[in-house]
1. Of the residues that sit in the stretch 1-38 and are over 22 Å from the mean Cα position of the chain (by Cα) and under 16 Å from V70 (Cα atoms), which one is modelled with the lowest pLDDT?
2. When you go through (1) at pLDDT 90 or above; (2) in contact with a helix residue (DSSP H, G or I) (Cβ under 9 Å, 6 or more places away or on another chain); (3) surrounded by fewer than 16 Cβ atoms within 10 Å (Cβ to Cβ) one by one for P167, which number turns out not to apply?
3. Just the residues that are in a helix (DSSP H, G or I), out of contact with any helix residue (DSSP H, G or I) (no Cβ under 6 Å at 6 or more places or on another chain) and not charged (D, E, K, R), please, taken from the stretch 28-45.
4. Taking the stretch 37-62, which residues are touching a residue at least 24 places away in the same chain (Cβ under 8 Å) and either among the basic types (K, R) or out of contact with any Phe, Trp or Tyr (no Cβ under 6 Å at 6 or more places or on another chain) (or both)?
5. Within the stretch 60-76, how many residues turn out to be more than 29 Å from the chain's Cα centre (by Cα) and surrounded by 13 or more Cβ atoms within 10 Å (Cβ to Cβ)?
6. Answer yes if at least one residue in the stretch 127-134 is assigned to a loop (DSSP other than H, G, I, E, B) and surrounded by fewer than 16 Cβ atoms within 10 Å (Cβ to Cβ), and no otherwise.
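The values are calculated or read from the model by the stated rules, or taken from the named source; none is laboratory data. Just so we're clear, the structure is a prediction, and the values are computed from it rather than from any experiment. As a convention, Cβ positions derive from the backbone with ideal geometry for all residues, glycine included, and neighbour counts pool all protein chains shown.
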Amino acid sequence: MFAPEYGAVTAVRKHRLAQARERTENALKHLLRQATDGHAASFTSLQGALRMGDRQLMALTQRLEREGLVRSEGAQFQLTAEGERVALHVLRAHRLWELYLADELGVPIHRVHEAAERAEHSLSKAQLDRLSAAMGHPVMDPHGDPIPTGDGSVPESPGTPLGAWPPSTPGRIVHLEDEPPLAYAQLSAEGLRLGQVIRVVDRSPTRVVLSDGENEYRLAPMVASNIHVAAVTAAQVAQPWPEGVLPLSGLPSGASAEVIALDPAFRGFARRRLLDLGFTPGARIRSDLATFAGDPRAYRLRGTTIALRREQSDRVLVKPLA
């Protein structure tokens with residue numbers, strides 16, 4: 001029980017220290033988010049974010065002030081330079097870990113936020129530097145949020161909020177805000193994704209209607225505000241891929257095609273796996289067999305039969321052969 005490295009007392013002490021660190025970093029992250037959004041953080045907003053009682057939160061804010069991480073101005077709280085440094089470290093950990101889970105481990109996008117919330121408090125700067133280097137120093141997380149650099153600078157947030165985007169003007173989705181999680185879950189369930197070109201076809205106080213030319217999406221204004229878009233060229237609107245090129249999932253059964261490329265938005269481990277299997281430019285592929293439900297489908301490539309799910313074959317761009 002009292003062993004200095006692995007006894008029960010030591011385990012309890014470590015658990016309490018971890019809890020204190022998590023509360024501290026969550027409070028600093030909330031203050032950073034409020035400042036980035038142009039809002040002042042207050043005792044009430046902290047209480048809502050951290051779900052703590054008055055006495056606990058009072059003790060926490062007093063400790064943060066003593067440690068030089070936060071300063072109070074009336075009923076509002078602001079980060080000090082040191083507090084901002086710690087908050088940016090946590091934000092960097094969260095977004096790098098989200099990208100690692102989505103791109104390298106293939107975790108479904110709607111599950112990465114919760115997992116990153118747990119992992120963000122246990123990663124050191126050295127670990128984050130190695131993780132960033134291993135992934136090629138990415139600048140965006142899987143939701144389109146900018147990832148802070150190791151020196152604490154933050155790339156400019158991309159895009160314009162959908163609420164400020166002019167109706168009927170095509171825009172490419174560059175960011176899907178993942179908080180609150182319920183709103184992001186609805187966007188994912190609707191099938192909206194980064195890189196998709198959409199237009200606002202109707203807007204009212206109770207709904208926002210979007211269209212990508214084939215599908216229509218009806219969203220509550222609060223949910224739609226989590227979408228950020230950027231301008232697209234006329235060529236991107238009219239034809240997202242070169243003429244005659246289509247996703248592998250659109251190749252009819254028995255037809256053959258030449259692999260042109262993998263979708264540039266397809267990254268990480270899943271992309272490398274397809275390249276290792278031979279999905280490289282110039283390779284010839286034939287659509288062989290489909291299950292009763294149509295997914296997955298079998299393809300013949302380089303003398304081997306390979307089964308791909310629809311979400312994978314959608315990312316392989318091919319040109320049908322005569």
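1. A20
2. (2)
3. Within the stretch 28-45, L31, Q34, A35, T36, F43, T44, S45 qualify.
4. A40, S42, F43, L46, L50, M52, L60, T61
5. 9
6. Among the residues of the stretch 127-134, not one is assigned to a loop (DSSP other than H, G, I, E, B) and surrounded by fewer than 16 Cβ atoms within 10 Å (Cβ to Cβ), which makes the answer no.
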